[in-house]
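One structure is given below, encoded as structure tokens.
The values are calculated or read from the model by the stated rules, or taken from the named source; none is laboratory data. It should be emphasised that the depicted structure is a prediction, and the values quoted were computed from it without experimental measurement. Glycine also receives a Cβ, built like all others from the backbone with ideal geometry; neighbour counts cover every protein chain displayed. For accessibility, only protein heavy atoms count, side chains too; no ligands or nucleic acids. Shrake-Rupley method; radii C 1.70, N 1.55, O 1.52, S 1.80 Å.
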Amino acid sequence: MWRFIFIARRGLIALLCCLSTVVSAADAQKWRGYGVVGNGRVCAVYSDDPKILAGSSLAGLRSLFYKDFSVNYVRESKFAILDRLGRPIPNKALDDTKLIDTKGYVIPNAKAGASITDIISKDRFFAPYTRSALADGGVKETRAFVGEDDAVIMLLGYSGASKSAAQAQFQLRFRTDRQVMQSVSFEGLSMKGGVALARWSNKVVVGVASMSGAIGLSGEVVFVREAVGSAPKEIAVMVVLGDSEQDVFQKVATLRKKKNMLADAEAYWNAWLDRGKIPFSATPEHLEAYKRNLYAARASLLGGQVPMDLTGQYDVNEMPQLSPRDAMMTARAFLLTQHADEVKDIIKYWASVKTKPSGEWYSSYDALNQPASGGTRIDQPEWDANGYFIKLADEYRFRRRGEWLVEKTFIYKLADFIVNNLDKNGLLYEINRSEWRGYLPTTNMVNASALRTAGAIADEFGDLERAQLYRETADKISSALTLLYDTTRKTYVNVRYFAPKGMASSANPFVKFWDTSTNFGVLWGYPNHKEIQRTNEFYLANAQRLNGGLQYLETTETGFANYGSDVYHATTAAAAEYHALQGQRPTALKLIDWMLKNSNAYGLMPERILASGTDCGDASPHTWSMAEFAAAIWTYYQTERPFQPD
């Protein structure tokens, strides 16, 4: 049975019993990282994580994008409480080597004498929040969020009975360097109508306004200052984006009419969650993590563009890198949780970008929608993306009662490419993220499933000859998958026919190595079967690392390729989904809770945890990993029934 495992299309979904565990404070590991806020038109990256600040001179609001990811408009923001001489009051020093936030989580690597900064990752799921104890006995708080308006709202608070505190000061530093391959430039900063206005050559204007504070300018920096005393004080700063000065003024006026911007934003995002599906039977810890990661993945989208990450780990041409594979993986999580509008934007975006004449996407694009070299060579195959797109477009059509987002000829183009690129062994011989040519089980399973779907589409439109060709090709791939199953170790393996750094020899001209991404083949619709079941048994016995996560792939290489030995959230989440669908709920739960314990300071999922267990990868958070984690939570609590191998 060729079943597309999003969720069961027909019939009622039975809620399974809520087996769960609480992640203990003693075990929880909060890795370094960032928060993401946005609404589909505005996207911003924020962090006051002490582990990030320790390695960077920048703080607070690190990136700000509008409508697409081609231009970043800010460099950083800072919030300080000044004494009567205008000097920042430092944070209170620690008396011991452990830093505990207000939820009881240990912040690792804190040293005696370090300042107290509590990162509270479980305040409101849509608003990164920082609380710092000051040396004068006061407390300062920072909260960043985006609601339905095109603005990042900074709520800045101070409370304390200190006589030394005199003034709260927020400062925002804009980027003034030329961007987008030197074609967009900063044109200046000025005051008008009580609003600081920063202008760029692409006609975008960023305004800074406050409900009550005084605004000043210095070079590329905007200052907002307000007197503080013994009474608690909250300052609201609005960073508003628009297409003209008038547009900004109108948006500022709208915001100033709101009595409680935080409550309005909370209602807005809760309404968005309610339009999809929420696993109400989840434990409070899982439900909070589900909301936080699904929201942050949503906040990372602009006009259908899905960045691999927003931390700078994956950049091309000084813009966030766009990958068709990562985008479609993220789209699956939105479709699974019934947020179809986001899926629509992603499908339409990837249908519009440049493909090769042969019918495949490049592996990497910049935010100008152009093929661009990033972590992978743009001319290398990423053929699984063809299958993902076909499956997404068809499933979206079903859920939207027949709404096609692309012409059938585009589906045929993608499917024809798969057919035309089978080799003599009946398989697709392509590449994975580390640029190793070879046979990948995931690519072949996904595309076999996609050809079945394309065949059904061709049948609907009366193209019976094409439909038969697609089905025959799918059967050919399925029959050839035995070449990718290691009968000795009882697991699917990647196969490549050249000798990388000593892994092969003249006596053994090809290399077989396991890869924990294979579960995506089944999650995207390839039939469940005994070999994939045994593969998962192999993963549990041989690929689990760091007390529960899954190593990405088997490797003996060093340097860049050694990343395969790290532990990845996306493949761990896929395993959790598979085991949940199998009815193996205790196993799925352990994998989910490992991810929860290994989130970053804002409760979001990094791409990976280093094999040494000493740090996470720089992509923290990682868009696909956040989305896949949310998919794992959803699948665990909402699975209709276990599925059995054919």
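Of all residues in the range 42-56, those that are under 18 Å from LYS140 (Cβ atoms) and among the polar types (S, T, N, Q) have Cβ atoms under 9 Å from Cβ atoms of residues that are part of a strand (DSSP E or B) and at pLDDT below 85, 6 or more apart or on another chain, in SER47/ILE119. Put simply, of LEU422, LEU414 the only residue that is hydrophobic (A, V, I, L, M, F, W, C) and either free of Cβ contacts under 8 Å to residues at least 40 places away in the same chain or touching a Leu at 6+ places or on another chain (Cβ under 8 Å) (or both) is LEU422.
Filtering the range 277-307 to residues that are part of a loop (DSSP other than H, G, I, E, B) and either open to solvent by 10 Å² or more (accessible area, probe 1.4 Å) or closer than 14 Å to ALA331 by Cβ (or both) leaves LYS277, ILE278, PHE280, SER281, ALA282, THR283, SER300, LEU301, GLY303, GLY304, VAL306. If you take the residues of the range 466-505 that are within 18 Å of LYS424 (Cβ to Cβ) and part of a loop (DSSP other than H, G, I, E, B), which of them is modelled with the highest pLDDT? Here the answer is TYR497.
Checking the structure you have, find out if any residue of the range 260-276 is open to solvent by less than 10 Å² (accessible area, probe 1.4 Å), modelled with pLDDT of 95 or more, under 20 Å from PHE629 (Cα atoms) and touching a strand residue (DSSP E or B) at 6+ places or on another chain (Cβ under 9 Å). Among the residues of the range 260-276, at least one is open to solvent by less than 10 Å² (accessible area, probe 1.4 Å), modelled with pLDDT of 95 or more, under 20 Å from PHE629 (Cα atoms) and touching a strand residue (DSSP E or B) at 6+ places or on another chain (Cβ under 9 Å), which makes the answer yes.
Among residues of the range 139-174 being assigned to a loop (DSSP other than H, G, I, E, B) and at pLDDT below 95, the one that is surrounded by the most Cβ atoms within 10 Å (Cβ to Cβ) is GLY160. Inspection of the range 308-318 finds no residue satisfying the criterion of being assigned to a helix (DSSP H, G or I) and either open to solvent by 10 Å² or more (accessible area, probe 1.4 Å) or not polar (S, T, N, Q) (or both). Within the range 319-350, the set of residues being touching a Leu at 6+ places or on another chain (Cβ under 9 Å), surrounded by fewer than 24 Cβ atoms within 10 Å (Cβ to Cβ) and not in a helix (DSSP H, G or I) comprises just one member, HIS339.
Yes/no per residue for (1) within 24 Å of VAL495 (Cβ to Cβ); (2) aromatic (Phe, Trp, Tyr):
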residue: VAL522; (1), (2): yes, no
residue: THR535; (1), (2): yes, no
residue: TYR539; (1), (2): yes, yes
residue: ASN542; (1), (2): yes, no
residue: GLY548; (1), (2): no, no
residue: TYR568; (1), (2): yes, yes
residue: GLN582; (1), (2): no, no
residue: LEU591; (1), (2): no, no
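Looking at the range 69-97, which of its residues are at pLDDT below 90 and either part of a strand (DSSP E or B) or exposed (fewer than 12 other Cβ atoms within 10 Å of the Cβ) (or both)? Matches in the range 69-97: ASN91, ALA93, ASP95, ASP96, THR97.
With respect to (1) at pLDDT 90 or above; (2) in contact with a helix residue (DSSP H, G or I) (Cβ under 8 Å, 6 or more places away or on another chain); (3) in a loop (DSSP other than H, G, I, E, B), the lone exception for SER121 is condition (1).
Residues that are in contact with a Ser or Thr (Cβ under 6 Å, 6 or more places away or on another chain) and within 21 Å of GLU342 (Cα to Cα) were ranked within the range 597-638; the one that is surrounded by the fewest Cβ atoms within 10 Å (Cβ to Cβ) is TRP634. Inclusion of PHE417 among residues that are at pLDDT 95 or above, open to solvent by 30 Å² or more (accessible area, probe 1.4 Å) and hydrophobic (A, V, I, L, M, F, W, C) is not warranted. Each residue in the range 175-190 was checked for being more than 28 Å from ALA227 (Cα to Cα), part of a strand (DSSP E or B), among the hydrophobic types (A, V, I, L, M, F, W, C) and open to solvent by less than 40 Å² (accessible area, probe 1.4 Å), and 1 pass. Which condition breaks for ASN425 when tested against (1) of a type outside the set (Phe, Trp, Tyr); (2) part of a loop (DSSP other than H, G, I, E, B); (3) crowded, with 16+ Cβ neighbours inside 10 Å? Only one criterion in (1) of a type outside the set (Phe, Trp, Tyr); (2) part of a loop (DSSP other than H, G, I, E, B); (3) crowded, with 16+ Cβ neighbours inside 10 Å is unmet by ASN425, namely (3). Tell me, please, whether a residue that is open to solvent by 10 Å² or more (accessible area, probe 1.4 Å), among the basic types (Lys, Arg) and at pLDDT 95 or above can be found in the range 351-358. No, because not a single residue in the range 351-358 is open to solvent by 10 Å² or more (accessible area, probe 1.4 Å), among the basic types (Lys, Arg) and at pLDDT 95 or above.
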